[in-house]
1. Between copies, how far does the label point of A:Tyr158 sit from its twins, in nm, shortest first, when each point is 7 Å from Cα along Cα→Cβ?
2. What average count of beta carbons from other chains do you get within 10 Å of the Cβ of residues in D:143-152?
3. Just from the alpha-carbon atoms, what are the Rg and Dmax of the stretch C:107-225 in angstroms?
4. For peptide C:15-23, what's the mean number of Cβ atoms from other chains within 10 Å of each residue's Cβ?
5. With just the Cα atoms defining each centre, how far is the stretch A:251-287 from the stretch A:127-157? Give it in Å.
6. Largest first, please: the extent of the C-alpha atoms of the stretch C:93-148 along each principal axis, to the nearest Å.
7. Read phi for every residue in the stretch D:104-116 and hand back ³J(HN,Hα) as whole Hz from Karplus 6.51 cos²θ - 1.76 cosθ + 1.60, θ = phi - 60°, with x for Gly and Pro.
8. Filter the GluC sites (Glu not before Pro) in the stretch A:68-154 down to the DSSP loop ones having no more than 16 other Cβ atoms within 10 Å, then list what survives.
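The values are calculated or read from the model by the stated rules, or taken from the named source; none is laboratory data. None of these values were measured; they are calculated from a predicted model. Here the Cβ positions follow ideal geometry from the backbone for every residue, glycine too, while neighbour counts run over all protein chains shown. These accessible areas exclude ligands, DNA and RNA; they are computed on the full protein's heavy atoms, side chains included. Shrake-Rupley method; radii C 1.70, N 1.55, O 1.52, S 1.80 Å.
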4 protein chains.
Amino acid sequence: MANSGFEYVRHFEHHDAIPPSNWIVVRIDGRGFSKLCKKYSFSKPNDQRALDLMNAAATEVVRSLVDIVLAYGQSDEYSFIFHESATMFERRAAKLATTVATAFTAEYCLQWPTFFPEQQLSRPFPTFDGRCVAYPKRKILRDYLAWRQADCHINNLYNTVFWNLVLKGEMDGKAAEEALKGTLAADKNEILWSRFEVNYNNEPAIWRKGTVVYRAYDAEEGGTRQSGDVEGQRSSGGKGLGGGVSEGAKGGSKSQLEKERKRKQKARIAVEHVDIIGDGFWEARPYVLAGKRGHVEE
Amino acid sequence: MANSGFEYVRHFEHHDAIPPSNWIVVRIDGRGFSKLCKKYSFSKPNDQRALDLMNAAATEVVRSLVDIVLAYGQSDEYSFIFHESATMFERRAAKLATTVATAFTAEYCLQWPTFFPEQQLSRPFPTFDGRCVAYPKRKILRDYLAWRQADCHINNLYNTVFWNLVLKGEMDGKAAEEALKGTLAADKNEILWSRFEVNYNNEPAIWRKGTVVYRAYDAEEGGTRQSGDVEGQRSSGGKGLGGGVSEGAKGGSKSQLEKERKRKQKARIAVEHVDIIGDGFWEARPYVLAGKRGHVEE
Amino acid sequence: MANSGFEYVRHFEHHDAIPPSNWIVVRIDGRGFSKLCKKYSFSKPNDQRALDLMNAAATEVVRSLVDIVLAYGQSDEYSFIFHESATMFERRAAKLATTVATAFTAEYCLQWPTFFPEQQLSRPFPTFDGRCVAYPKRKILRDYLAWRQADCHINNLYNTVFWNLVLKGEMDGKAAEEALKGTLAADKNEILWSRFEVNYNNEPAIWRKGTVVYRAYDAEEGGTRQSGDVEGQRSSGGKGLGGGVSEGAKGGSKSQLEKERKRKQKARIAVEHVDIIGDGFWEARPYVLAGKRGHVEE
Amino acid sequence: MANSGFEYVRHFEHHDAIPPSNWIVVRIDGRGFSKLCKKYSFSKPNDQRALDLMNAAATEVVRSLVDIVLAYGQSDEYSFIFHESATMFERRAAKLATTVATAFTAEYCLQWPTFFPEQQLSRPFPTFDGRCVAYPKRKILRDYLAWRQADCHINNLYNTVFWNLVLKGEMDGKAAEEALKGTLAADKNEILWSRFEVNYNNEPAIWRKGTVVYRAYDAEEGGTRQSGDVEGQRSSGGKGLGGGVSEGAKGGSKSQLEKERKRKQKARIAVEHVDIIGDGFWEARPYVLAGKRGHVEE
């Protein structure tokens, strides 16, 4: 039973590598999570245990895949950012998306008992779909992240008012929806304050801002090791952008790369609920999106 | 904080729909399973519990995704076949691959305690990468499946001899490898028989053939319901191939489709260890790859 | 000035090969041809010289690219069909589309003086854009060709009535448009007959049916040489569909292939204005879309 | 003969838009130009008429497609650069490649008599294949252009020595090839000088550097109009990078865009044989690759 007669079927596989020098976002979304919310009686507008579980899962994914520089999550979605020079799986889109999505799913399912000790999972089990998107510039990647955080804000403000109207205001869903139609942010803040004495800005940051997960290098290190680090990773260069492509390959000796990989694996994984739309977060942690030699060059 | 200024980032997503009228294979492979085998001391050359777990996971995936017509698995891989007229997720490759891969991963992780009651999972948890491949003709799809089953046979025969040499023949791995270099199938069968009194053909079929999982329609139904079924699903037609594309949309009334979906969900999921290279399996179950009106037309 | 530092830029090129075992259609369309019609005062509703030039150009393209099995043209468009087993340019989409489009453009521009001896070309010169589409089944390819020919019919019937109303009926364009709004084919035929004594079916076939261009093998040969031919081209086989992929490579000795290529180059190029929606055309010329061994197998 | 039954075939077309905010290179190459060189007895190592014809054709292509910011050519190839914010044909790769390739082919064929008045074109006519490549950063685009110009230099130096050895040194091709094996640039310069009294640096710049074609804005204008220009084209913006995507759509009123387009059409097309590897060329003409507001921002 020789196999060679059938091997031609391999030629139907297509190349799906993300072009070099593009930031790669793998975004995962919970499948059928509105049903899942009901099934396990998630609190409204936010279920703290569910958010904590999402973040715990994301933390492990970031820890295990060292090419991820940062992740951002809100609600039932998470975006994982691979550095523009990442070479994992030769940047093949399907491999990247399925690896992140299955790692996240495994963590979510197996950590579930820690966060929902009294509710056992039953079928359909929680799963996540995923996809890759390529962003050619650092600034556009920042806009992508801003888009997700603005989305978090808009949805959370809406949901906060909606559920106050329903749970405390004794409206039914339709009435609450009607009451909110056409309102601006200021109107919503006003409703919250005047009717429920809720100051939106005092709501938990994790609800308003979502969650950022990243490999943190503490102060002293930041200046020194990190820049050495990135230098090690991206090599000395000469030909400016050549780096964008070949660094993975030529960037330092094998033992240097291995050393670097180990250092990343040991790095502290920071989990924060802060603004990432403005420049503050990024200016304080330039190494997160750093290119060559540890500084942002674009 | 209006979001509209950032929404332009959506234009970077690319369309990845698999072209219509192509069979879709989603193949998943265990990530780092050779390490996993060692960590949990899988038996060699085959660990029955591990294979049973793979099959149990695949069975649930087939059950839950009704557009899958058949799945074939061996070792740490599984291929799921979506009908050429499937319209799930608008045939988007990333969605299909991540949905199958995460559903499989969730099943594998959560069913693990059933099959390995004495070994608790620890990180890195089992995960699977996946990818989509499109096959334009039924015959080429058959060749794809034949390729995987021939691969199962070749690897299993090799592994069976190798581990007999090591475990019973007291060779070390290198010596066994050396002994097998250049041998043909007949030679391997001869070694098995003459040295270990093992008749390869008496080895368990699940090891030699792998596992086929499909939605089975029993005899009486086969002739009647199935053809009605497929008719319902694919509509009356006229314009032959038009079907390949638009059936999902025009294929029968909504209630018919819903009825059909429910019938599929209730169908018995068959799990068998049989030859799928020859025509026998397919001729006995023509409905598996049936197109319009329940018969194979291509 | 070593070049190696820059070569990394090649990694940005992407693989665009059309998957094996798909029929490839390269369709070209005249760019800005409505302006061109006015500029050179093309007759309405059809300019015979312009159609003849299109067909003369297509004939040379078919003659020069032996992997093309048939072309169909109407108005300012032409579709060139490459056999599903064609291996030209490793089936790369960009190469195929630009080669066909530039060959057609060169022919159109350089043959122009033959068909328009009194009108010299001036800028902007006639050009054609093009694109590749893959069709996985012979029947779908047939439907594609039927789509183009039905389009020819629909447009030509409309234009014939419209220009009769304008040129003989002394309507202006708007009035003619208004008069045609909502009319069916039968209505249009009736207008033509009752007002202008024009029997649409007596209009030239080239206007009503468009033009088919193909490599013709005459009667006696058809049965013998052609089947030998295709056999030569597609090899003896065994593994049915293996052919779909590897034939180009393994299909016969080099000298056989070369001989075959020469025979194709010498074949008569037929140019006909006939129905290709029904089965008649194809049944009389089975070799046109023949697969292995000269017969249609799908 | 309704057409709706066939229209499903349109769903097989795939989306091939180049992602936003990437520079687009359409590179064309002469098909079978080594045969063409012999057929029309082109001079060696360079045929001035042939180069002049290439440049004349490229000039008209740049003039007619206002989204092209620069083109670079050497030998029988030409690269046309579309601005990263270009929206022509919705950035569809096939449309861009075939439009450029056919426009170039038409120019080449129809201008041929001007440059080769005594040699009439015969079949196979000159044609060019083409393809699109996307470059995510301005610097990588610069490296692409450097790659082509370094290639020009390397080939031309080799060819200059080779043909001196053959034409003046009375070697045959094989001997000349052998003599050059393993030589460095300095060796080649030395051979040229010591044996043929040829100073390579005095060879015509068009041979050594190839040809750059671009829309030139003269000194005074450069500062003012151009910045206004780019502003007009790319709009006022707000969201920095949003521009990369949506400018085409929102970038200024229609009449502004139209005005801008006309100004571009009237601009002088510069044709130069200068170094584009170093920074000099680009620093003196910042508007060529300028982004928003006329300055390079990346």
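1. Counterpart label points of A:Tyr158 in the remaining copies fall at 4.1, 5.5, 6.2 nm.
2. Across D:143-152, the average partner-chain Cβ count within 10 Å equals 5.
3. 19.6, 58
4. Values: counts 4, 7, 3, 0, 10, 7, 8, 8, 1.
Shielding by partners across C:15-23 averages 5.
5. Distance between centres, Cα-based: 19 Å.
6. 45, 24, 15 Å, listed from the longest principal axis down.
7. Going residue by residue, I get 5, 4, 4, 4, 4, 5, 7, 8, 3, x, 5, 9, 10 Hz, with x marking Gly and Pro.
8. Here the sparse-neighbourhood loop sites are A:Glu118.
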